[in-house]
Amino acid sequence: MSDKRDITLTVNNRSYSIRVEPRRTLVDAIREDCGQTGTHIGCEHGVCGACTVLVDGAPVRACLMFAVQAANKEIRTVEGLGSVDNLNPLQRAFMEHHALQCGFCTPGFLMLVTGVLEREPDIGDDELIDVLASNLCRCTGYQNIIKAVRAVAHDMRQARSNASA
Amino acid sequence: MKPARFEYHAPTSVDEAVQLLGSLAAEDGRILAGGQSLVPTMAFRLAKPGHLIDINAIATLGQIGSKDGALEIGACVRHAAFHRPVVAGPLGQLMSTVVRHIAHYPIRQRGTFCGSLAHADPASEWCLVAVTLGAQMIALSTRGARTIAAEDYFTGIMTTALAEDELLSQVRIPLLAPDTRFGFREFSRRAGDYAIAMALVTFRLDGGTIVEPRVGIGGAEANPRRIPEAEAALVGKPAELTTFRAAAEIAAEVVEPMEDMQADAIYRRDLVRAMTRRALEQAAQ
Amino acid sequence: MTIAQPHAGWVGRSIRRVEDPTLIAGAGRFTADLPATYRVRFVRSERAAGRISKIHVPDGATAITATDLAGVKPIRPMLHKFDYVPIGQPILARDHVRFVGEPIAAVVAPSDAEAEDIAEAIEVAMEDQAAVIDARTALAAEAPRVHAEVAGNLIVKGAVETPGFADARARADSIVRLELRSRRQNAMPLEPRGGHAAFDAGSGRVTLTCSTQMPHLTRTAITDLLGMPESDLRVVAPDVGGGFGQKMSLATEYVLLVWLARKLRSSVAWHEDRRENLIAAFHSRDQFIEIEGAFDSNGKLLALAADVIANVGAYSCFPTTCAVEPLMAMAELPGPYDVRAYRCAARGVLTNTCPMAPYRGVSRPVITFALERLMDRAALEFGLEPSEIRRRNLIETFPYVSATGLTFDEASYRQTLEMAVAALDLPAFRARQQQARARGRYLGIGFSAFSERTGYGTPAFAARGMEIIPGFETIDLSMGPSGLVEARIGASPHGQGLRTTLAQIIADEIGVPPDRIRVIHGDTDRTPYGFGTFASRSAVIAGGASLLAARKVRSKLIKIASLLLEAAPDDIVLDGGAAKVAGTDRSIAIEALARAAYHQVHRFKGEIEPGIAASATYDPAGTFANACHVAIVEVDPETGQVRIENFIAAEDAGRLINPMIVDGQIQGGIAQGIGNALLEEIVYDQTGNILTTTLADFLPPTAHEIPPIELHHLETVSDASVTRAKGVGEGGAIGAPAAVINAINDALAPFGAEINEIPATPRRIRAAIHAARKPAEQRA
């Protein structure tokens, strides 16, 4: 019988002292032990991407990591992006471009894109489609997600070139 | 789809990891590196290891660099490390080309090069690279270190020459001569899916004729392998379509294809033929 | 045909969805977000057919089996026509199992992982029985019976032949025949199914929160099966992560959750995992169709005949019954074409596979695929462009009563075809195609013209002989003293943005902006009885009910305003949040009217009832939306891989209430249709073991596989819908497979190869090329 372990997860800059079995996946810990249910579970085998979160800045499948592995790392989830009343630019772009319908895949897409644009701000349009192919959406047919993300990537590049000019 | 119980160990040194593996291998102790293949099989409870030895906290295993004419890749080097060339010259280019075909961006942030080799999926791109380029695997155990050549390493579908108590601590790939050309083509249903067939080729040109050709085929048989008959058909020949077609035809004939839901033998041979020819054409460009 | 005029109000505008901020912030509330005391895990059959001899439960474990459920009735959907043989589905398998994935026992534990540990330790001893997997095999005389009471496994059969069919067929110059196969698919909503049942000791009631498209009928069904008062169960559909039909049919698992919550007097939750979803949530589209067209020398279709065999799996789904696929195929197969002579036989066949249930489009993606392949094959024989043969056959006068008695309202079959042809520049494409072929590249174009019966009410369902006739929707609309509007609907959206759409309809009637209107759905305690969201019905039916109720509220507001402003009702205009006297500057804020209606009723002097509330029900006959889809593809003949270069859809969904939402529905439907055409397939082996149990095997499209989709709209005004809107939820999925497969066949023409199977996988395309072995093969 494996014992539970006491660990601290840092989710969106807030510490959660939790007690979990080693087999507890990161996504289950985020949802059930930390109570942050914005991150969703769609397949539990790393294909659909609904559970994508940032761990130390990298977008990863939270169903393919154990919570004990994420102790003392910086975890970011959709709840850390912006609130219902104060959406961030990427979130606003999803709304403006109708990049969601049922909204179940949306948090995973938002975290995927957040991580990629932070790490690779100059990513090209074709590469962006490669990245977006990481996650599944069953409602939108992806075109509006692509439009929203391209618009945000463009705005970010514009803002940087304005700042450096 | 929750994994069965296991005990978790997080060693901070290679020695400690090897000791743990030595004592726990008999209780189905397994190494956890990127976990991108292992954890899904645990979620389906197809794998139920009694112990996981997590090597992610061992800093030295994250090292990558060239030494003595080879690229040395530590056990915790992630796929994403290869997004940009890790070494000057064709090998770095080749690996940054191949890595784009490995699953998807988030998987590549966690999954490791050595983990792919330890898992030995027939459709693994890195296994094809290792066998085509003559990699050496460094296996550590309490009994010491040993080096396994790529041609001796793969022993079947998801089985290797690694003993249960051995940690694949490093893989060494010989650097490629600066004028080495390469081509890589993969067929999968969707981008990022498992390869149904793929071909990796390298050669150099000497006055327009092919020298030192390597033709590796993956995804088609239980393990990736070089196809010496196809290589023989290239040696000393001009780098042109008729040569490539002949070599591709040979590759398609000599493989003994797996049959599964995605492809029967006839179709896999078709794909091997097409991927081989296209990889050769790409290398010639 | 009348085309809708631009509209000055909220209807017709692409306003942002009221649903979005919550979902985008991760603040949505889905079923799995609720904490529960106990988790439930199902032990499922690993055999396709067998007799259970013993279930061994480890000591100390809590596991429910069929013997515990003695008083619980089996699900027994009913149809009163077409020789339907009723069969029962026990909530947990009793004695026999009939498909891999059928629930045998339910384990209860504090966590999912522990429940799974116990489930794994439960041993089910079973005597294997012969299984039958393929529908045509199941029809053979010697085939094992899936249910003893259903001879030949033939659970339903329909047949129609119009008078004079044989004569019409005899007059034909050319008979074109095709055999087509649609492989089995899974709707695969991104959120799998799941339920949470909580017992309230104080009231004795249970609240079942579940991922459903039909909360009210789920409530009725479960209370019927458990023999409990309907008032003791509340069903809530919270945020639902896609459904596409799969969440319309009753899940046996939800029945068990309610039973368990009452037994344990606690809360229990089951979250379907992806493997369960792929093997045991409902499947669809497993059909064989033989189709025959009799054409005159001009390519005019004189007579159409078809034989449809639908594999319906091991049980019949509730409420539609498993007859829904074969019977819809029979009723709607002639599609948008003018053909008077029609003969069709349609059979539903039981097999030892996962039960079939409606999935976006139901039978229509398959029959459209069959009919549109027939049109293309005929075009080839007559040497006509595919667009031309359609031009010669599409319905052009309305109303049109079809060979099966359906009344087609005003639509634009011909116009959408011409619109699509113009958008793609057909001659330019043909030139490009020729040039590409010379370079060894194979492009193809495929058309798909179709009608989509949408927004149909009780008469349409009654015609099928269903025991439960869904169809109407009711809305309770009220304005409170603060002037905020609440619209309570029985429909139950799950991603369609219906709250936004209905608010736009209501806003135009009562003169308040949509952000002052709250649409409340998905809760049997808070909404009037209704059927849910399926069958492309909600904008038409819930929208129609909203309009009718809003008109009543409008009259009431005008009445109050007329009294307070001392003006004639005819002179009152509601606009911009105020009631105004036309031609004057006299006005009163709607909030003031609302306040008066509740708090200053004395001013009405008994002439007006207090409060502002109205209900309305809408139960229309139905309306046909239509579209013409065009796919342009490139086929790699060496690998069989298909790349979709471009996809054009000329759509007519009547008046567009929110064009942004409509476009989203169409694009999403087309993406699913592309997945159906190329990628998605549930595969069983011959013993009934399912091979596609992961998302590495069942392949929905990703952002890579979906091309840009170019949409064009016509807005035909039809009297068949009070809002003038037609349904649009399913059309994308209905038309796309045929367009894609026709395009593949066009690309393969130089090889003489033909493929009439969906999904057209690379292996099948390559096999078709091998089978044809035309000279072009050597060139490739």
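The values are calculated or read from the model by the stated rules, or taken from the named source; none is laboratory data. Being a predicted model, the structure only gives us computed values, none of them experimental. Heads up, the Cβs are rebuilt from the backbone with ideal geometry, glycines too, and the neighbour counts pull from every protein chain shown. Please note that ligands, DNA and RNA were not included when accessible areas were found on the heavy atoms of the full protein model with its side chains. Shrake-Rupley method; radii C 1.70, N 1.55, O 1.52, S 1.80 Å.
I'm checking my understanding of the structure. Among residues of region A:7-35 that are under 19 Å from B:Ala10 (Cβ atoms) and touching a Ser or Thr at 6+ places or on another chain (Cβ under 7 Å), which one is most open to solvent (accessible area, probe 1.4 Å)?
The selected residue is A:Ser17.
Looking at region B:133-154, which of its residues are closer than 15 Å to B:Ala70 by Cβ and either open to solvent by less than 10 Å² (accessible area, probe 1.4 Å) or aliphatic (A, V, I, L, M) (or both)?
Within region B:133-154, B:Leu133, B:Ala135, B:Met137, B:Ile138, B:Ile148, B:Ala149, B:Ala150 meet the criteria.
A:Glu79: within 7 Å of another protein chain (Cβ to nearest Cβ), farther than 20 Å from A:Pro121 by Cα and not in a helix (DSSP H, G or I), yes or no? Spell out the reasoning first.
Working: within 7 Å of another protein chain (Cβ to nearest Cβ): yes; farther than 20 Å from A:Pro121 by Cα: yes; not in a helix (DSSP H, G or I): no.
Considered against the rule, which asks whether it is within 7 Å of another protein chain (Cβ to nearest Cβ), farther than 20 Å from A:Pro121 by Cα and not in a helix (DSSP H, G or I), A:Glu79 comes out as no.
Considering only residues that are more than 23 Å from C:Asp117 (Cα to Cα) and without any contact (Cβ under 8 Å) to a residue 60 or more places away in the chain, look in region A:24-50 and name the one that is nearest to the other protein chains (Cβ to nearest Cβ).
Residue satisfying both the conditions and the ranking: A:Thr37.
Have a look at B:Gly89, B:Gly50, B:Gly22 and point out the one that is modelled with pLDDT of 95 or more, over 16 Å from the mean Cα position of the chain (by Cα) and closer than 23 Å to A:Leu26 by Cβ. Quick ask: steps written out before the conclusion?
Numbers: B:Gly89 fails: closer than 23 Å to A:Leu26 by Cβ; B:Gly22 fails: closer than 23 Å to A:Leu26 by Cβ.
Testing whether each residue is modelled with pLDDT of 95 or more, over 16 Å from the mean Cα position of the chain (by Cα) and closer than 23 Å to A:Leu26 by Cβ leaves just B:Gly50.
I'd like to know if region C:294-309 contains one or more residues that are hydroxyl-bearing (Ser, Thr, Tyr), within 23 Å of C:Glu680 (Cα to Cα) and outside the structural domain of C:Phe534 (by TED's automatic domain parsing).
For region C:294-309, residues hydroxyl-bearing (Ser, Thr, Tyr), within 23 Å of C:Glu680 (Cα to Cα) and outside the structural domain of C:Phe534 (by TED's automatic domain parsing): absent.
Within region B:26-58, take every residue that is open to solvent by 10 Å² or more (accessible area, probe 1.4 Å), in a helix (DSSP H, G or I) and touching a residue at least 24 places away in the same chain (Cβ under 8 Å) and give me the one that is farthest from the other protein chains (Cβ to nearest Cβ).
So the residue we want is B:Ala26.
I'd like to verify a number: residues in region C:652-666 that are touching a strand residue (DSSP E or B) at 6+ places or on another chain (Cβ under 7 Å) and either open to solvent by 10 Å² or more (accessible area, probe 1.4 Å) or assigned to a loop (DSSP other than H, G, I, E, B) (or both), how many?
5
Give me a count of the residues in region B:62-78 that are open to solvent by 10 Å² or more (accessible area, probe 1.4 Å) and touching a helix residue (DSSP H, G or I) at 6+ places or on another chain (Cβ under 8 Å).
To start, the set of residues in region B:62-78 that are open to solvent by 10 Å² or more (accessible area, probe 1.4 Å) comprises B:62-70, B:72, B:76, B:78.
With the extra rule that they be touching a helix residue (DSSP H, G or I) at 6+ places or on another chain (Cβ under 8 Å), the set shrinks to B:64, B:76, B:78.
Matching residues across region B:62-78 total 3.
Restricting attention to helices (runs of 4 or more DSSP H) lying wholly within region C:481-599, give those where 3 or more residues are of a type outside the set (D, E, K, R) and closer than 29 Å to C:Ala725 by Cα.
So the answer is C:498-510, C:538-565.
Take B:Gly22 and tell me if it is more than 13 Å from B:Gln170 (Cβ to Cβ) and in a loop (DSSP other than H, G, I, E, B).
Values: more than 13 Å from B:Gln170 (Cβ to Cβ): yes; in a loop (DSSP other than H, G, I, E, B): no.
Spelling it out, it is not the case that B:Gly22 is more than 13 Å from B:Gln170 (Cβ to Cβ) and in a loop (DSSP other than H, G, I, E, B).
Kindly list the number of the only condition in (1) modelled with pLDDT of 95 or more; (2) away from chain B (no Cβ under 14 Å) that fails for C:Ala121.
Among (1) modelled with pLDDT of 95 or more; (2) away from chain B (no Cβ under 14 Å), the lone unmet condition for C:Ala121 is (2).
More than 26 Å from B:Asp15 (Cβ to Cβ) and at pLDDT 95 or above: which single residue out of B:Arg84, B:Arg146 fits that description? Reasoning before the result, please.
Working: B:Arg146 fails: more than 26 Å from B:Asp15 (Cβ to Cβ).
So the residue among B:Arg84, B:Arg146 that is more than 26 Å from B:Asp15 (Cβ to Cβ) and at pLDDT 95 or above is B:Arg84.
When the residues of region C:567-579 are narrowed to those that are among the charged types (D, E, K, R) and modelled with pLDDT of 95 or more, which ends up least open to solvent (accessible area, probe 1.4 Å)? Please lay out each step first, then the result.
Step one: filter region C:567-579 for residues among the charged types (D, E, K, R), giving C:570-571, C:575.
Keeping just the survivors that are modelled with pLDDT of 95 or more gives C:570-571.
On the way: C:Asp570: 146, C:Asp571: 71 Å².
By that ranking, first place goes to C:Asp571.
Which members of region C:115-136 meet the condition of being of a type outside the set (A, V, I, L, M, F, W, C) and in contact (Cβ under 8 Å) with a residue 12 or more places away in the chain?
C:Glu116, C:Glu123, C:Glu127, C:Asp128, C:Gln129, C:Asp134, C:Arg136
So is C:Thr62 away from every other protein chain (no Cβ under 14 Å) and either modelled with pLDDT of 95 or more or surrounded by 16 or more Cβ atoms within 10 Å (Cβ to Cβ) (or both) or not?
Here the answer is no, as C:Thr62 does not meet what is asked.
Taking region C:233-244 on its own, how many of its residues are within 14 Å of chain A (Cβ to nearest Cβ) and surrounded by 24 or more Cβ atoms within 10 Å (Cβ to Cβ)? Write out each step before concluding.
Restricting attention to region C:233-244, the residues satisfying the condition of being within 14 Å of chain A (Cβ to nearest Cβ) are C:237-244.
From the residues that got through so far, the ones that are surrounded by 24 or more Cβ atoms within 10 Å (Cβ to Cβ) too are C:237, C:240-244.
Total meeting the criteria: 6.
Tell me the residue from C:Ser211, C:Ser182 that is within 14 Å of another protein chain (Cβ to nearest Cβ) and under 30 Å from the mean Cα position of the chain (by Cα), please.
Exactly one of C:Ser211, C:Ser182 is within 14 Å of another protein chain (Cβ to nearest Cβ) and under 30 Å from the mean Cα position of the chain (by Cα), namely C:Ser211.
Does region C:348-358 include one or more residues that are of a type in the set (Gly, Ala, Ser) and part of a strand (DSSP E or B)?
Taking region C:348-358 first, the residues of a type in the set (Gly, Ala, Ser) are C:348, C:357.
Now restrict to residues that are part of a strand (DSSP E or B): C:348.
Within region C:348-358, one or more residues are of a type in the set (Gly, Ala, Ser) and part of a strand (DSSP E or B).
Could you list all residues from region C:160-195 that are crowded, with 18+ Cβ neighbours inside 10 Å and of a type in the set (Asp, Glu)?
Hit for region C:160-195 is C:Glu191, nothing else.
What's the total number of residues in region C:682-735 that are touching a helix residue (DSSP H, G or I) at 6+ places or on another chain (Cβ under 9 Å), among the polar types (S, T, N, Q) and over 15 Å from B:Arg189 (Cβ atoms)?
Residues that pass the stated criteria total 4.
For region B:182-209, name all the residues that are at pLDDT below 95 and of a type in the set (A, V, I, L, M, F, W, C).
Of everything in region B:182-209, just one residue is at pLDDT below 95 and of a type in the set (A, V, I, L, M, F, W, C), namely B:Ala191.
Which residue, of C:Thr702, C:Thr694, is crowded, with 24+ Cβ neighbours inside 10 Å, of a type outside the set (A, V, I, L, M, F, W, C), assigned by TED's automatic domain parsing to the domain that holds C:Arg439 and touching a Lys or Arg at 6+ places or on another chain (Cβ under 8 Å)?
C:Thr702
Is it the case, given these coordinates, that A:Asn72 is within 11 Å of chain C (Cβ to nearest Cβ) and touching a strand residue (DSSP E or B) at 6+ places or on another chain (Cβ under 7 Å)?
Here the answer is no, as A:Asn72 does not meet what is asked.
Output yes when any residue across region B:100-111 is more than 21 Å from A:Leu112 (Cα to Cα), modelled with pLDDT of 95 or more and open to solvent by 10 Å² or more (accessible area, probe 1.4 Å), and no when none is.
no
Please work out which one of (1) in a helix (DSSP H, G or I); (2) in contact (Cβ under 8 Å) with a residue 40 or more places away in the chain; (3) more than 20 Å from C:Arg360 (Cβ to Cβ) is the condition C:Gly444 fails and give its number.
The number of the failed condition is (1).
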